[in-house]
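What follows is a short report on a single structure.
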């Protein structure tokens, strides 16, 4: 049995997978926001609960909204800021009495979808999260690609590729300190913010789902906002295709549920991809919101 933990900003979830990849147990609790010690205790309690129900685990993997530096072992770049600068891996190994594997949540998503999800059996898979933030993960022949600096797949913090439309430069401010990151254009809040800038006076509760609903209802301003979003997503994905040439791209996160993306974005790719034909499938995640925690369960802890 494998145990996976998805440590999110609002909820923390555990899953136990049996040898066939079936879910033997699943449970979630609110994340102890702002409290590192309570976070360690919460993870330990979820592991204990899963093992009480299913027996001892052969491995434990944790997906986090950031990553461990391979140079220091400390968490960095987590929007759950109470994790940053902490030796999460060492502290969890001490609390649980065994080594644990830790990876970025987008990496876990990609690993899940490449193993038994929408891209199962494909050689090179690029997994993309389009949610509150934008992330990415790369799996090559079933193995997660982490990179020398532990940032492989960090697609969301590259600049949006050109050719630039009016008003796209220098781009919105990103939490990472740069401007114009892909995340500032393609996250759910970014779609809503772009619509607000263009529409001038949207409803105060307008979010990405409201923009999509208005587009489907025939609102011309929302349709224009969605058109810009599709154009930007195609430009950003074309850059990834030119670099990785993956066998498939799998979308996850809230915006991955927008059906129109799977027709609109692929038709924009051919003139942007440096090939005679662009046949990279754009797939919806098979496991949906469960991909992250399922991928965490498939991580392999480093040996002592």
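Key figures for this structure:
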{"item": "Scope region 1-31; condition outside any strand (DSSP E or B) and either under 23 Å from residue 98 (Cα atoms) or not assigned by TED's automatic domain parsing to the domain that holds residue 78 (or both); matching residues", "result": "1, 8, 18, 19, 21, 31"}
{"item": "Residue in region 199-256 that is nearest to residue 158 (Cα to Cα), counting only those that are out of contact with any helix residue (DSSP H, G or I) (no Cβ under 9 Å at 6 or more places or on another chain) and not in a loop (DSSP other than H, G, I, E, B)", "result": "243"}
{"item": "Qualifying residue in region 244-255 (condition: surrounded by 23 or more Cβ atoms within 10 Å (Cβ to Cβ), closer than 24 Å to residue 199 by Cα, under 20 Å from the mean Cα position of the chain (by Cα) and assigned by TED's automatic domain parsing to the domain that holds residue 134)", "result": "yes"}
{"item": "Single unsatisfied condition, residue 59 versus (1) without any contact (Cβ under 8 Å) to a residue 60 or more places away in the chain; (2) over 20 Å from the mean Cα position of the chain (by Cα)", "result": "(1)"}
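The values are calculated or read from the model by the stated rules, or taken from the named source; none is laboratory data. Computed from a predicted model, the values in this text were never measured in an experiment. Quick reminder, even Gly has a Cβ in these numbers, built from the backbone with ideal geometry, and neighbours come from all protein chains shown.
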